[in-house]
Amino acid sequence: AEVHTEDEPLSPLSVYGQSKAAGDLAVAGCPRHYIMRSSWVIGEGCNFVKTMKSLSDRVADSEDKLDKITVVDDQLGRLTFTRDMAQAIFHLLGTHASYGTYNCSGSGAVKSWADIARAVFEAANGNGDRVVPASTADYYASAAGPIAPRPVHSALDLSRLETVGFRMPDWEEELAGYIGALMV
């Protein structure tokens with residue numbers, strides 16, 4: 001599916017996905033529960049955006065020999081900022097929303113990891129053209145060991161969360177603020 005709904009049958013692609021599915025099943029057995037599903041989470045600590053900002057800085061440094069980076073362009077989704085997810089959780093609890101499963105990711109356009117990397121590079125140093133897109137197969141073609149499969153489509157349908165009165169912010173607007181804070 002290009003956009004995943006809460007009632008879609010579980011279909012994990014890896015051991016990691018199987019552990020998430022097992023957690024969903026265990027919690028769903030409780031009569032009163034909330035399951036909050038997310039994707040592409042960005043918060044404090046190490047994450048994709050911080051890594052891309054650091055790489056952009058290296059590419060911009062004339063003394064560093066890194067002149068470009070390669071990022072997959074065939075995995076599609078939207079970023080989820082932890083602050084926004086926390087607000088969604090507090091909303092569910094505060095409004096006593098119906099128990100069950102809710103999708104929670106940034107709203108807005110669905111983009112690839114390469115698109116996001118390009119946006120970070122452009123905002124940080126104006127060097128978005130230094131991000132080279134590649135297919136997942138090409139990116140991992142020379143990997144020494146097995147690679148856990150990743151979903152092509154990670155976008156989540158947000159309509160259930162919206163029906164209980166919460167709208168997730170546009171992830172691209174949140175990204176701009178997040179990068180701005182990294183630049184201070």
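The values are calculated or read from the model by the stated rules, or taken from the named source; none is laboratory data. All values reported here derive from a predicted model rather than from experimental measurement. Every residue, glycine among them, receives a Cβ derived from its backbone with ideal geometry; neighbour counts consider all protein chains shown. The protein model used for the area step is the full one, side chains on, heavy atoms only, and it has no ligands, DNA or RNA in it. Shrake-Rupley method; radii C 1.70, N 1.55, O 1.52, S 1.80 Å.
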Condition test on residue 37, is it under 26 Å from residue 83 (Cα atoms), loosely packed, with under 11 Cβ neighbours inside 10 Å and touching a residue at least 12 places away in the same chain (Cβ under 8 Å)? no
Applying the selection to the range 138-166, what residues are of a type outside the set (Gly, Ala, Ser) and within 16 Å of residue 101 (Cα to Cα)? 156, 157, 158, 160, 161, 162, 163, 164, 166
The one condition in (1) open to solvent by 30 Å² or more (accessible area, probe 1.4 Å); (2) in contact (Cβ under 8 Å) with a residue 24 or more places away in the chain that residue 42 fails to fulfil: (1)
Tell me whether the range 135-154 contains one or more residues that are at pLDDT 95 or above, open to solvent by 40 Å² or more (accessible area, probe 1.4 Å) and either touching a Phe, Trp or Tyr at 6+ places or on another chain (Cβ under 8 Å) or on the phi > 0 side of the Ramachandran plot (or both). no
All positions within the range 145-184 that are within 13 Å of the chain's Cα centre (by Cα) and either free of Cβ contacts under 8 Å to residues at least 60 places away in the same chain or farther than 21 Å from residue 91 by Cα (or both): 150, 151, 152, 153, 154, 155, 172, 175
Of residues in the range 107-117 being in contact with a Ser or Thr (Cβ under 9 Å, 6 or more places away or on another chain) and surrounded by 18 or more Cβ atoms within 10 Å (Cβ to Cβ), the one farthest from residue 173 (Cα to Cα): 114
